[in-house]
Amino acid sequence: MQHFLERLDTNQSWLVGVSGGRDSVVLLDYLVQDGFKNLVVVHVNHQLRAKASNGDAEFVEQLAQKYGLAFYGEAVDVIGLMESEKKGLEVVAREARHAVYVRAIQKHSAAGVLLGHHADDQAETVLFNLLRGSSGLKGIRFENTVTVDECVLKVVRPLLEVRRSEINDYVKSRGLEYREDASNAEAFTVRNRIRHEVMPLLVEIMRREVVPAVNGAAEVSMEQSDYLASEVVLEQFLDPQGRIFLPALLELDVVLQQAVMFQFLKTHKVPDLSRSLIAECLLVCDTVAAAKCNLPGGRWLRRKEQRLFIQQ
Ligand SMILES: Nc1ncnc2c1ncn2[C@@H]1O[C@H](COP(=O)(O)OP(=O)(O)OP(=O)(O)O)[C@@H](O)[C@H]1O
């Protein structure tokens, strides 16, 4: 099994996010076998399926006991949060998990959280993002940080190069038990349809594995966008009020203009940064085009006196 574990310090304390499903159960077992000692098993009960959700939480707590590891569990009213925050299920659940991980890190002084995303998740995510209009092929990172209420959460995905088939083989060879995720079996979300319908069809018509090709292309694309991001120092294009100074931006090649605009919107926490949104925003630079464009979340990008800025 290929993995990234050698990059992590086995003596440090790490959280492991365990849903009780196959992937995170394998991650936990693999970490224990690999000599990680200071692990804290974290489970978030999303309370989506009353009985089954409580069953998942109990299962994970018992798993932690079996390995002799610390356990940190919290229940979150995901449905209530969806209504109060007007966000989708996956987003709310993810944000809630991140907040729980931060509290668990503070309690246990852990270095970060380890999650069970694998190579097939990566390919499905890349296709999903691509089809939604992402700027470049965007996937999951081996390591990234998430800021939650001013706390920086380090997230690492040791299984990111491991194929689902290898995870299945591991489950069999180690005789592991896990909980079946009802949403996986039902296959009704777009992501699940990509997993259960699109990916097998692609393998059938290409007559070869497609995950390595998709992930390879995403890796190149992410390296290129990281490089561009490192070349762009946003502050060089801003005036003292934090507005983009247009003459400086317009001197750049269009690829770098896109990178500056991407950074600018990201700094202002504009969600859903698609390729078409960035193109629309760059159109605002053109003095013959409209002097403003609508941003997701109800704000505007405006042009005035050679400056671009964001307004409510
Ligand atoms: N209820 C949970 N409690 C703790 N950790 C979880 C839970 N659900 C998922 N995780 C962790 O997150 C990983 C990814 O889970 P899953 O694929 O369901 O989430 P996702 O929505 O696709 O990913 P993301 O973390 O990007 O939201 C799991 O392998 C596991 O490590």
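The values are calculated or read from the model by the stated rules, or taken from the named source; none is laboratory data. Please read all numbers here as calculations on a predicted model, not as lab measurements. With ideal geometry, Cβ positions are generated from the backbone for all residues, glycine too; neighbour counts draw on all protein chains shown. What goes into the accessible areas is simple: the full protein's heavy atoms, side chains included, and nothing from ligands, DNA or RNA. Shrake-Rupley method; radii C 1.70, N 1.55, O 1.52, S 1.80 Å.
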Exercise for the section: Can you tell me which residue among Val32, Val102, Val60, Val40 is within 10 Å of the ligand (Cβ to nearest atom) and either touching a Gly at 6+ places or on another chain (Cβ under 7 Å) or not basic (Lys, Arg) (or both)? Expected result: Val60
Practice task
With respect to Glu180, determine if the residue is open to solvent by 60 Å² or more (accessible area, probe 1.4 Å), at pLDDT below 95 and in contact with a Lys or Arg (Cβ under 9 Å, 6 or more places away or on another chain).
Solution key: yes
Exercise for the section: Could you grab me the full set of residues in the stretch 91-114 that are open to solvent by less than 20 Å² (accessible area, probe 1.4 Å) and within 19 Å of Asn45 (Cβ to Cβ)? Expected result: Val92, Ala93, Ala96, Val100, Tyr101, Val102, Ala104, Val113
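Among the helices (runs of 4 or more DSSP H) lying completely within the stretch 197-312, list those that include at least 3 residues that are open to solvent by less than 30 Å² (accessible area, probe 1.4 Å).
Working: elements: 199-206, 211-231, 246-250, 254-267, 275-283.
It comes to 211-231, 246-250, 254-267, 275-283.
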Completion exercise
Among Ser24, Ser84, Ser109, the single one that is hydroxyl-bearing (Ser, Thr, Tyr) and within 10 Å of the ligand (Cβ to nearest atom) is Ser24
Handout entry: Residue identified as open to solvent by 70 Å² or more (accessible area, probe 1.4 Å) and either in contact with a strand residue (DSSP E or B) (Cβ under 7 Å, 6 or more places away or on another chain) or away from the ligand (no atom under 11 Å from the Cβ) (or both) among Asn11, Asn45
Key = Asn11
Exercise for the section: Could you give me the residue pairs with C-beta distances under 6 Å whose first residue belongs to the stretch 234-260 and is in the same structural domain as Arg302 (by TED's automatic domain parsing), whose second residue is assigned to a loop (DSSP other than H, G, I, E, B) and open to solvent by 50 Å² or more (accessible area, probe 1.4 Å) wherever it lies, and which are 6+ apart or on separate chains? Expected result: Leu246/Gln306
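Kindly indicate whether Leu114 is within 11 Å of the ligand (Cβ to nearest atom), in the same structural domain as Asp23 (by TED's automatic domain parsing) and more than 30 Å from Glu280 (Cα to Cα). First the steps, then the outcome.
On the way: within 11 Å of the ligand (Cβ to nearest atom): yes; in the same structural domain as Asp23 (by TED's automatic domain parsing): yes; more than 30 Å from Glu280 (Cα to Cα): yes.
Yes, satisfied.
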Practice task
Examine the stretch 148-167 for a residue that is over 30 Å from Lys107 (Cβ atoms), more than 20 Å from the chain's Cα centre (by Cα) and in a helix (DSSP H, G or I), and state whether such a residue exists.
Solution key: yes
Practice task
Identify the residue in the stretch 117-130 that is open to solvent by 10 Å² or more (accessible area, probe 1.4 Å) and among the aliphatic types (A, V, I, L, M) and, among all such residues, is nearest to the ligand (Cβ to nearest atom).
Solution key: Leu127
Exercise for the section: Report, by residue number, each residue of the stretch 54-77 that is within 18 Å of Glu95 (Cβ to Cβ) and buried (at least 20 other Cβ atoms within 10 Å of the Cβ). Expected result: Tyr72
